[in-house]
Amino acid sequence: MKKVLVTGANGQLGLCLQKIAPKYKELKFVFKNSKDLDITNMEQMSSFFAVDDFDYCINCAAYTNVEQAEKTPDIAYEVNAKGVKNLALLCRENDTFLIHISTDYVFDGEKKEPYTVDDIPNPINEYGKSKLLGEKYIEEIMEDYLIIRTSWLYSEFGKNFYTTILEKAKAGENLSVTDEQIGCPTNAINLAKFVNQFILLDNIKSNLYHFTDRIEMTWFEFAKEIIKIENLTNKVIIHNDKSIYLALRPLNSRLD
Ligand SMILES: NC(=O)c1ccc[n+]([C@@H]2O[C@H](COP(=O)([O-])OP(=O)(O)OC[C@H]3O[C@@H](n4cnc5c(N)ncnc54)[C@H](OP(=O)(O)O)[C@@H]3O)[C@@H](O)[C@H]2O)c1
């Protein structure tokens, strides 16, 4: 039986992995939240790895607040770069295969087609820069790793675009959503299944992948789709507005 550590386990993707875990009898999961295992705390992490062995580590721990990262970038770099470096060092030392999740925001959005794994990243906000640095640490430090870039994750868990639109629509609020950016919304459950399937193969070659649900749309179109799926079309009006964010977003973040 393969033993799998999941860091950042109480975030959106971590909760999706927890939800589907009972279906994977061949895998023994250990879920750790940010308090029990803080990836920025090398002392705590070293003590933890000293008493337990893992075949795989799925790193779901990340600082994902894109707007706040622009205002206080240090926190984003602490988790998304330094924390990932800590994890990479310990995974290498303990012979643990690291599966790390990264983002479409490593790209600048200038490309007209979807981004392939061969495209050169050029992040335009602090979140994207911190995540790219995390990727680089892994590539430098480790031999056995998988980096999976994904985009626009949504699920029933936590605060994501889907749950936010749904909450506002149910409250009868009119919505203001931009159509300036195009990307691929991705159900976090599908990503969780993809990761687990990799582990079941148990013969993974180190690599960089892009994983999405492959349907391209703007945030505006995504919001309309959510309203339609949830049968709330009569309840809300969606305005197509310009984005008013501090952090720049890539206009095209479709991943191939
Ligand atoms: N959400 C998206 O749309 C999206 C898009 C592309 C890529 N991604 C990537 O996908 C991955 C999963 O994202 P997600 O949506 O599940 O994010 P999330 O819901 O924000 O979850 C991140 C988790 O990491 C934990 N965390 C933060 N700092 C930590 C630390 N120092 N040590 C351990 N855990 C820590 C957080 O715990 P606390 O809440 O206790 O701080 C939270 O539970 C991330 O790598 C993200 O960059 C996400």
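Please specify each residue of segment 155-195 satisfying the condition of being among the acidic types (Asp, Glu) and touching a residue at least 24 places away in the same chain (Cβ under 8 Å).
173, 179, 180
Just name the residue that is nearest to residue 249 (Cα to Cα) out of those in segment 36-68 that are among the aliphatic types (A, V, I, L, M) and open to solvent by less than 50 Å² (accessible area, probe 1.4 Å). Give the steps one after another, and end with the answer.
Initial filter on segment 36-68 (among the aliphatic types (A, V, I, L, M)): 37, 39, 42, 45, 50-51, 58, 61-62, 66.
Now narrow it down to the ones that are open to solvent by less than 50 Å² (accessible area, probe 1.4 Å): 37, 39, 45, 58, 61-62, 66.
Values: 37: 31, 39: 27, 45: 33, 58: 26, 61: 22, 62: 18, 66: 9 Å.
It comes out as 66.
To keep it simple, each residue is scored yes or no on (1) within 12 Å of the ligand (Cβ to nearest atom); (2) among the β-branched types (Val, Ile, Thr).
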residue: 5; (1), (2): yes, no
residue: 12; (1), (2): yes, no
residue: 19; (1), (2): no, no
residue: 28; (1), (2): no, no
residue: 31; (1), (2): yes, no
residue: 46; (1), (2): no, no
residue: 49; (1), (2): no, no
residue: 58; (1), (2): yes, yes
residue: 61; (1), (2): yes, no
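If I ask for residues that are open to solvent by 80 Å² or more (accessible area, probe 1.4 Å), free of Cβ contacts under 8 Å to residues at least 60 places away in the same chain and under 16 Å from residue 178 (Cα atoms), which ones from segment 222-256 would you list?
Passing the criteria: 224, 244.
Of (1) in a helix (DSSP H, G or I); (2) open to solvent by 60 Å² or more (accessible area, probe 1.4 Å); (3) closer than 30 Å to residue 89 by Cβ; (4) more than 15 Å from the ligand (Cβ to nearest atom), residue 193 satisfies all except one. Which?
(4)
Please find, within segment 160-189, the residue that is modelled with the lowest pLDDT out of those that are part of a strand (DSSP E or B) and open to solvent by less than 60 Å² (accessible area, probe 1.4 Å). Break it down stepwise before answering.
Start the filter on segment 160-189 by keeping residues that are part of a strand (DSSP E or B), which leaves 175-177, 182-183, 186-187.
Filter again for open to solvent by less than 60 Å² (accessible area, probe 1.4 Å), leaving 175, 177, 182-183, 186-187.
On the way: 175: 89, 177: 93, 182: 97, 183: 98, 186: 98, 187: 98.
So, considering only residues that are part of a strand (DSSP E or B) and open to solvent by less than 60 Å² (accessible area, probe 1.4 Å), the one modelled with the lowest pLDDT is 175.
Those residues that are in contact with a strand residue (DSSP E or B) (Cβ under 6 Å, 6 or more places away or on another chain) and closer than 20 Å to residue 232 by Cα, I need them from segment 116-167; list them, please.
160, 161, 162
If I filter segment 69-79 for residues that are surrounded by fewer than 23 Cβ atoms within 10 Å (Cβ to Cβ) and in contact with a strand residue (DSSP E or B) (Cβ under 7 Å, 6 or more places away or on another chain), do I get at least one hit?
no
Quick one: what pairs do we get from segment 101-113, first residue farther than 16 Å from residue 217 by Cα and free of Cβ contacts under 8 Å to residues at least 60 places away in the same chain, second more than 11 Å from the ligand (Cβ to nearest atom) and in a loop (DSSP other than H, G, I, E, B), C-beta under 7 Å, 6+ apart or different chains?
106/121; 106/123
Scan segment 199-210 residue by residue and report those that are surrounded by fewer than 18 Cβ atoms within 10 Å (Cβ to Cβ) and in a strand (DSSP E or B). I'd like the intermediate steps shown before the answer.
So the first thing to find is which residues in segment 199-210 are surrounded by fewer than 18 Cβ atoms within 10 Å (Cβ to Cβ), and the list is 200-209.
Hits for segment 199-210 are 207, 208, 209.
Quick one: how many residues across segment 135-182 are more than 10 Å from the ligand (Cβ to nearest atom) and on the phi > 0 side of the Ramachandran plot?
1
Go through the residues of segment 3-16 one by one and say whether even a single one is without any contact (Cβ under 8 Å) to a residue 40 or more places away in the chain, open to solvent by less than 50 Å² (accessible area, probe 1.4 Å) and more than 15 Å from the chain's Cα centre (by Cα).
Within segment 3-16 (the criterion being without any contact (Cβ under 8 Å) to a residue 40 or more places away in the chain, open to solvent by less than 50 Å² (accessible area, probe 1.4 Å) and more than 15 Å from the chain's Cα centre (by Cα)), the answer is no, since none of the residues qualifies.
The values are calculated or read from the model by the stated rules, or taken from the named source; none is laboratory data. In this text, all values refer to a predicted model and were calculated from it rather than measured experimentally. In this analysis, Cβ positions are derived from the backbone assuming ideal geometry, glycine residues included, and neighbour counts consider all displayed protein chains. The protein model used for the area step is the full one, side chains on, heavy atoms only, and it has no ligands, DNA or RNA in it. Shrake-Rupley method; radii C 1.70, N 1.55, O 1.52, S 1.80 Å.
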